[in-house]
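In what follows, a single structure is set out as structure tokens and then discussed.
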Amino acid sequence: FGNLVKNELPLAVHEAVRDVYGSELPHYFKYVVNGDESAQPRLEHVRNVDSSDPKVTVNVPACTGDWFGGWDGDRRSEPDRYANEAGTSGRMVELIKRGEPAVMLCHWPGMYTQGTKKGFTAFKRVVETLNSRFSDQTIWMKLSEIGRYWTAKELTHIALTDRKISFNAPFGTANFTVRVDGATAASKALRLVVENQTVALQGVTERRLLRSGTWHVDSKGLIMCFDLPKGVSHIQW
């Protein structure tokens, strides 16, 4: 659907999703990227970003084929095409190693597989494989969460001064993560300031332990993770 009006499609998605669901940030999931093509979400028809009512539609692409039983649930699942049992090959492995979003494509009939649930069993095996091999460098997210994070990443204005980072975000997001190259362990009194409220961030000893409300210093600098609010906020130390 929409292939003859690709430029108008995100506008239609935006109006329909906002009107029906009241979504602040509509997204859609339609296109598939292959090979070396970028798997990053696309922000489409960006407008009014500096106003109180910014408008964006996020195009979140799939990165695989439908290999879990197919559209009708009558095909044999091919989980190794996503990730083999060792987690050394497959499309998802390739994307994770590239450091890009890795989004699987499937359909519910393929999961159900005409009552056998073989597609769902294959899906669970892929998830277990990815968790066993890449849990320290991946986060499982819904499409809406990926779209929201990417929008904040692309559209937030960031300014760094001596002991403060200022953010002006048209859209907030959870687990927003930033790095300040060259900052050292002296930056221990980190706090997030939103209007008149201050929240202290806690240090963690390893990067894999980063969660919202934490920071970590490695050989390259300071990494901070926090829930980015819509509007103006600051990280101070």
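Quick note: the coordinates plus some simple rules give every number you see, no bench work behind them. Values in this document were obtained by computation on a predicted structure and should not be read as measured data. As a convention, Cβ positions derive from the backbone with ideal geometry for all residues, glycine included, and neighbour counts pool all protein chains shown.
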*Using a 10 Å cut-off on Cβ atoms, rank the peptides 116-127, 70-81, 205-216 from the highest mean neighbour count down.*
116-127, 70-81, 205-216
*asked:* I want to verify the translational diffusion coefficient of the chain in µm²/s; compute it with Stokes-Einstein, Rh as the Kirkwood radius over Cα pairs, at 25 °C and 0.890 mPa s.
replied: 123 µm²/s
*asked:* With θ taken as phi - 60° and the coefficients 6.51, -1.76 and 1.60, list the Karplus ³J(HN,Hα) couplings across the range 105-120 in order, rounded to whole Hz; mark glycine and proline as x.
replied: 10, 7, 10, 4, x, x, 5, 6, 6, 6, x, 7, 6, 5, x, 5
*Describe numerically, in nm with one decimal, the distance between label points set 7 Å from Cα along Cα→Cβ at Glu15 and at Arg98.*
3.5 nm
*Where the centroid of each part is defined by its Cα atoms, how far is the range 212-237 from the range 87-132 in Å?*
32 Å
_Which order do the peptides 25-38, 163-176 come out in when sorted by mean C-beta neighbours inside 10 angstrom, highest first?_
163-176, 25-38
*Where does helix 9-21 land angle-wise versus the long Cα axis of the chain, in degrees 0 to 90, nearest 10?*
80 degrees
*Using 7 Å Cα-to-Cβ label points, what is the Ala189/Val232 separation (nm, one decimal)?*
2.3 nm
*Dipole magnitude of the range 1-83 about its Cα centre, charges +1 at Lys/Arg Cβ and -1 at Asp/Glu Cβ only, in debye to the nearest 20?*
60 debye
_In sequence order, calculated HN-Hα J values of the range 25-40 (Karplus, 6.51, -1.76, 1.60; Hz; x Gly/Pro)_ = 9, x, 9, 9, 9, 9, 9, 10, 9, 10, x, 8, 4, 4, 9, 6
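Expressed in nm to one decimal, what extension gain is obtained for the pair Glu8 and Thr198 from 0.36 nm per residue of sequence separation less their Cα-Cα distance? Don't skip to the end; give the middle numbers.
On the way: separation 190, 0.36 × 190 = 68.40 nm, distance 4.29 nm.
Net length gain for the segment: 64.1 nm.
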*So, in nm, how far is label Glu24 from label Arg76 when the simple model puts each one 7 Å beyond its Cα toward the Cβ?*
4.8 nm
*How high is the FRET efficiency between Ser212 and Lys142 when r is their beta carbon distance and R₀ equals 22 Å, given to the nearest 0.05?*
0.85
*asked:* Can you tell me the orientation of helix 143-155 relative to the chain, as the angle in degrees between its alpha-carbon axis and the longest Cα principal axis, to the nearest 10?
replied: 40 degrees
*asked:* If amide hydrogens are placed 1.01 Å from N in the peptide plane, which non-local residues have theirs closer than 5 Å to the one on Gly221?
replied: Gly182
